[in-house]
């Protein structure tokens, strides 16, 4: 595959992305991404696992700490991300490689599982990447943010600021058999960090309790109204898939 598919501008934008910024924030988010990964593949065992678009390795660190998989590998487009992953010295991580964003330098069916967490929304040619993932692995876990909802047109600039160029809705995809899925909401711990640390708003007992209360009210509404209501509150959708037939990506 031609390395020029990933433009020089995109490549340079990510090269220094992970140089000493937002480490606590990424580790906190990764804590719940790792939990979602383990939740959807519960009851299955995987020996050789690859994370594609591994960022700074925060998800891998959580998975390594849980001793989730005995052999893990990572691919990342940014040199700063690769450097950060290597610096973690994870015991179950066997290789870290930089790649062009599309071509996966491994053999057919080499992995038991590929993880693609909060990557697909950034990818210009997502079908090309998914075909490669399907080639190298029997199973895949994909997590995407639930950006597509009421009022999305007014929030496009906000999403683009985070590099989200694709938006997805919870639905099944042909070419992969859906074995399990999970729709998840932002946890109070994440909301508090974003509110009091990222946004610098004054912290108080009342404001903390309000965040907790809002979360538990939403959980109560979901328990009474079902999964359809959950989708309106959700921030992420996680799919555990097995390859099956031809590829046709989620509707978006």
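We did not get these values from a lab; they are worked out from the coordinates using the rules stated. Just so it is clear, the structure is predicted and the values come from calculations on it, not from any experiment. Positions of Cβ are generated from backbone atoms using ideal geometry, with glycine treated the same way; all protein chains shown enter the neighbour counts.
So the values come out like this:
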item	result
Residues of region 208-227 with amide N under 20 Å of the 7 Å Cα→Cβ point at residue 196	208-217
Label point distance in nm, residue 125-residue 235, each placed 7 Å from Cα along Cα→Cβ	3.3
Anisotropy class of region 186-233 from Cα gyration tensor, a/c 1.5 cut	prolate
Spacing of the two label points (7 Å from each Cα toward its C-beta) at residue 203 and residue 67, in nm	3.3
Neighbour-count ranking [beta-carbon atoms within 10 angstrom, fewest first] of 122, 73	122, 73
Region 55-140: C-alpha pair distances exceeding 14 Å, %	64
For peptides 234-242, 199-207, sequence by mean Cβ density within 10 Å, most packed first	234-242, 199-207
Pairwise FRET efficiency - residue 219 versus residue 45, Cβ, R0 = 22 Å, nearest 0.05	0.10
FRET efficiency, residue 242 to residue 89 (Cβ-Cβ, R0 45 Å, nearest 0.05)	0.90
Modelled FRET efficiency - R0 45 Å, residue 212 with residue 21, Cβ distances, 0.05 increments	0.95
